1. Just checking, does segment 92-99 include any residue being more than 25 Å from GLY231 (Cα to Cα) and either at pLDDT 90 or above or out of contact with any Phe, Trp or Tyr (no Cβ under 7 Å at 6 or more places or on another chain) (or both)?
2. Looking at segment 204-239 only, could you name the residues that are hydrophobic (A, V, I, L, M, F, W, C) and either more than 21 Å from ALA146 (Cα to Cα) or exposed (fewer than 14 other Cβ atoms within 10 Å of the Cβ) (or both)?
3. Determine which member of the set ARG255, ARG218 is in the same structural domain as ALA83 (by TED's automatic domain parsing), charged (D, E, K, R) and at pLDDT 95 or above.
4. Hey, among ILE53, ILE89, ILE80, which residue is outside the structural domain of VAL214 (by TED's automatic domain parsing) and either part of a strand (DSSP E or B) or free of Cβ contacts under 8 Å to residues at least 12 places away in the same chain (or both)?
5. Here is a list: ASP226, ASP183, ASP194, ASP230. Which entry is part of a loop (DSSP other than H, G, I, E, B) and either farther than 17 Å from ALA129 by Cβ or in contact with a His (Cβ under 9 Å, 6 or more places away or on another chain) (or both)?
6. Could you count how many residues in segment 102-147 are closer than 16 Å to ASP246 by Cα, assigned to a loop (DSSP other than H, G, I, E, B) and not small (Gly, Ala, Ser)?
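The values are calculated or read from the model by the stated rules, or taken from the named source; none is laboratory data. Being a predicted model, the structure only gives us computed values, none of them experimental. We place every Cβ from the backbone using ideal geometry, glycine too, and count neighbours over all the protein chains shown.
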Amino acid sequence: MSTPSIKREIFSVILRVTAVILTVVLIVGVLSFSYSSFGMISDGECNIAVLPIEGIILPYGTAYDYGEFVSTPKDVREFISTAESEFGILGIMFDINSPGGTPVASETMAELVKNTTLPTVALIGDTGASGGYMVASAADTIIASAMSDVGSIGVTMSYVEESEKNTEEGLTFVELATGKFKDAGNPNKPLDEDERALFQTQLDTVHNEFIKIVAANRNLEISVVDALADGSTLIGNAAKEAGLVDTIGGRAQVREAFAAILEKSPEEIIFCEHASLLEAF
């Protein structure tokens, strides 16, 4: 074999080896990209993102700050954004166990749920009350157990007034404030009638907004929601009869709901589980 032939053969081998190496690199890159597309929530097999809404709904903070489960708009915003960007995620289940929280944080979370581009189902566990129910109401479908506490459409800012206790203990509250209402609601002094009237007006305003949000989300007449908005909760079946939930059940019914929405069999619906918001990111 001549020297040019040997060189051509060596060059051909080098090209083939290089092609194999590039192919392997390309495959690894594609797999890495695919996993990054799935990996934050989906493992490549599951297709329904599960976001727990647990504990008190607050504008910020974590369980480490408050010593209990806390859910915030930031948690929900980041999770939904990730779910929407992942190729393998076809819907979101909001696993709700919350007695509520602050009005604006609850409203913000409800808006995030309502505006996601993915199909949504809210599954209410033991409790979906007050702000927790406001968030649930924004989902496309609400499913609750026959034993769930649902609703509690109302607002409160009750507190313990300690002026008499302070007097018994020899403590004197010294009021130093500008503006008539600056110290209104301070637990160390009695609430006067003007302050009470102010707070009640504010509570009524928030209460009416709550009613409007639920009515819009659930496609109910305001008068229907207003009649339910006495602050009480309804047990599962009563909540369904009142129009506050769609179906009585649990995970199996959630799976069936997504199967119908996505035109798949229930067996094709696989949940991507997360133990809590703190572990989701």
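1. yes
2. VAL206, PHE210, ILE211, ILE213, ALA215, ALA216, LEU220, ILE222, VAL224, ALA227
3. ARG255
4. Just a single option satisfies the conditions, and that option is ILE53.
5. Just a single option satisfies the conditions, and that option is ASP183.
6. Selection size over segment 102-147: 3.
Table: residues versus (1) among the charged types (D, E, K, R); (2) closer than 25 Å to ASP230 by Cβ; (3) crowded, with 22+ Cβ neighbours inside 10 Å.
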{"site": "ALA83", "(1), (2), (3)": "no, no, yes"}
{"site": "PHE87", "(1), (2), (3)": "no, no, no"}
{"site": "LEU90", "(1), (2), (3)": "no, no, no"}
{"site": "LEU118", "(1), (2), (3)": "no, no, no"}
{"site": "ALA136", "(1), (2), (3)": "no, yes, yes"}
